[in-house]
Amino acid sequence: MIEFESVTKTYPGQTTAVSDFSLVVPSHRTVVLVGSSGSGKSTLLRTVNRMVEPTSGRVLIDDEDVRERDPVALRRSIGYVLQHGGLLPHRSVLDNIATVPVLNGVPKREARTAASELLERVGLDPKVGRRFPGQLSGGQQQRVGVARALAADPNILLMDEPFGAVDPIMRRELQEELLRLQADMHKTIVFVTHDVDEAFLLGDEVVVLREGGVIAQRGTPAEILGAPADDFVRDFVGADRAERELHITEVDGRTIAVDASGRPVGVLAP
Amino acid sequence: MKWLSLNWPQVVELTRDHLLLSAPAILLSVLLAVPIGRLAQQRPRLGGPLLGAASLLYAIPALPLLIIIPVIFGIPLRSPATMIIALTVYGLALLVRTAADAFGSVDPRVREAAVAVGHSPRSVFWRVDLPLAVPVLLAGVRVVAVSTVSLVTIGALIGVPSLGTLLTDGFQRGIPAEVATGVIATMLLALFFDAVLVAAGRILTPWTVSRRERLLPQEETT
Ligand SMILES: Nc1ncnc2c1ncn2[C@@H]1O[C@H](COP(=O)(O)OP(=O)(O)O)[C@@H](O)[C@H]1O
Ligand SMILES: [Mg+2]
């Protein structure tokens, strides 16, 4: 369980990036922070692994203030996936995945064997293990990033717009892959995105942020979509968008769902 | 040619002397320039003056430097140590700025990601900064190597034997073949060092080679 207690962060010479943010992320659940660029999502995420120290307030993991923890040990105990992979360009894919286990003193050979198995778990051919990150496509690099985050089997995964830089088809595949992995891993995931559809797809719970890291609304995707707290949220999640407003019509004896502009989007299951 | 065929054992010996003066100086320059350059890159306020001072070392004329070093270090003037220290001073002058640039060339996002996944400051240096600085660093070391091999000849002026001895001796006794041998052997030695460094670079930076070969048929995800 991760608890944010009145976290405020003001960067030097800046207005406040995050102000008085409180949230409980229950264990084994996926909580998605969604907001437009600059709304303080990355800042919040990085307070968990002490890459950012809050100006005031605190962050607790399983009731322990992260400030009590050694930052290096803390970071090794948390999986972190970044938008641009953040892989080491000079190490092979296998060595990248094995980074944390090797830093923790696991023998290299053993760590590489485990890394090779992880490659398969994230849907990559073990052959890519010997390559360098620069030789992979963007989507492959993000998969490697996920594998690296999982290598030390952490309880917590922090994901900062991990699929933001890949093309839509690949993004969809990666999202499905993450759902599949999470279904049998049950990690505690804090996922950051600016994409509402991604947030609704992945989040058990979604937190909509407005400028300055202020919570506009939190709840399950259904709660937020069904009852947006205010105009900002309604607008942000596109509750009024034509494709969100579904109607049912009968065509040839089958029940079809169409959106507000009359475009068929699916067939109602019998 | 005739001169060389009569004197080649001396040429071989002087080449060895030359090698034993230049190699340690190059190595010392690298070993000292890397930490100084890293410090300069990490602490810009200290780094500015440090880099300026290092560059200024190159402006010290060779002969006074060769005379002052024995005084400072308490070693004999006509010793290989004097020569090696002087060469290291010039090597540092050339290399410290490049070393700072080399660390500056490391993508800060890569460094930050490395910290974020749990590298300690020490492992960031050894596993991330240093290997990624190698390409730029190596370019600087190649310059230092060639410059050092050529500077070693100055040692002949204070009587430290090297291929430079062929130059002074050849001039004094008016033997053009001896001078030519000295010049050519020095240049060949410089080329040899350069070739070794290029080969070392290939081995140390396999990822830069494979980036050039990245357009292999790429299988997408399975
Ligand atoms: N290291 C930093 N120094 C100064 N300002 C920063 C820093 N990181 C982020 N900010 C500022 O804080 C605000 C929130 O940034 P960020 O947390 O990265 O938002 P998001 O991830 O939602 O785009 C932005 O205005 C950004 O410019
Ligand atoms: Mg961000």
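Readers should treat all values here as calculations from the given coordinates under stated rules, not as data from a laboratory. Note that the coordinates shown come from a computational prediction; the quantities given were computed from them, not determined experimentally. So basically every Cβ, Gly included, is an ideal-geometry build from the backbone, and we count neighbours across all protein chains shown.
A few remarks follow.
- Rounded to the nearest 20, the size of the Cβ-charge dipole of the protein assembly as shown about its Cα centre is 2440 debye, with Lys and Arg at +1 and Asp and Glu at -1.
- Here's the list of lysines a cross-link from A:K108 could span, going by alpha-carbon distance under 25 Å and ignoring same-chain residues fewer than 8 apart: A:K127.
- A Gaussian network model of chain B, with springs between Cα atoms under 10 Å, assigns the largest mean-square fluctuation among B:R45, B:R97, B:R16 to B:R45.
- Kirkwood Rh in Å, taken over all unlike Cα pairs in segment B:81-177: 16.1
- Computed from phi, the 3J(HN,Hα) profile of segment B:41-57 under the Karplus parametrisation 6.51, -1.76, 1.60 (θ = phi - 60°) reads 6, 7, 10, x, 5, 7, x, x, x, 4, 5, x, 4, 4, 4, 4, 3 Hz, with x in place of Gly and Pro.
- Alpha carbon Rg of the protein assembly as shown, scaled by the compact-globule rule 2.2 N^0.38 Å: 1.35
- Over chain A, all Cα pairs binned in 10 Å intervals from 0 give whole-percent P(r) values of 7, 27, 32, 22, 10, 3, 0, listed from short to long.
- Partners for B:K2 among aspartates and glutamates (Cα-Cα distance below 14 Å; same-chain residues under 8 apart left out): B:E178
- Proximal lysines relative to A:K9, as straight alpha-carbon distance under 25 Å, when same-chain residues fewer than 8 apart are discounted: A:K41
- Enclosed volume per residue, in Å³, of the convex hull spanned by Cα atoms of chain B: 163
- Whole-Hz couplings from phi, Karplus 6.51/-1.76/1.60, listed for segment A:83-91; x for Gly and Pro: 4, 9, x, x, 6, 7, x, 9, 10
- For A:P168, neighbours were defined as the other residues whose beta-carbon sits under 11 Å from its Cβ, and their charges (Lys and Arg +1, Asp and Glu -1) total -3.
- Neighbourhood charge, 15 Å Cβ-Cβ cut-off, centred on A:P228 and excluding it, Lys, Arg +1 and Asp, Glu -1: -1
- Close amide H partners of A:L209, meaning residues 5 or more places away or on another chain with modelled amide H under 5 Å apart, are A:V34, A:G35, A:A216.
- Taking chain A and dividing mean pair separation by its residue count, relative contact order in percent (alpha carbons under 8 Å, at least six apart): 22
- The angle between the Cα long axis of helix A:168-185 and the longest principal axis of the Cα atoms of chain A comes to about 70 degrees, rounded to the nearest 10.
- Placing dummy labels 7 Å off each Cα toward the beta-carbon, the span from A:E68 to B:W8 is 7.8 nm.
- Net dipole in debye of segment B:67-222 [+1 Lys, Arg Cβ; -1 Asp, Glu Cβ; about Cα centre; nearest 20]: 200
- Each residue of segment B:3-10 is assigned a 3J(HN,Hα), and the resulting list reads 4, 5, 5, 7, 10, 4, x, 5 Hz, derived from the Karplus form 6.51 cos²θ - 1.76 cosθ + 1.60 (θ = phi - 60°), x at Gly and Pro.
- Potential lengthening of the chain between A:Q14 and A:A227 amounts to 73.3 nm, from the contour at 0.36 nm per residue minus the alpha-carbon distance.
- Between the amide H of A:T30 and those of A:I189, A:D204, A:E205, distances stay under 5 Å, these residues lying 5 or more places away or on another chain, with hydrogens modeled in the peptide plane.
- On Cα atoms only, tilt of B:62-73 relative to the major axis of chain B in degrees: 80
- When chain A is treated as a GNM with alpha-carbon contacts under 10 Å, the residue of A:R171, A:R244, A:R69 showing the greatest mean-square fluctuation is A:R244.
- Across segment B:135-211 the C-alpha pair distances fall into 10 Å bins from zero in the proportions 19, 38, 23, 14, 6, 1 percent.
- Among A:V214, A:V190, A:V258, residue whose mean-square fluctuation peaks in a GNM of chain A (springs only between Cα atoms under 10 Å): A:V258
- Taking Lys and Arg as +1 and Asp and Glu as -1, the other residues whose beta-carbon sits under 14 Å from that of A:V31 total -2.
- Sequence-distant residues sharing a close amide H with A:V81 (under 5 Å, placed H): A:L158, A:M159, A:D160
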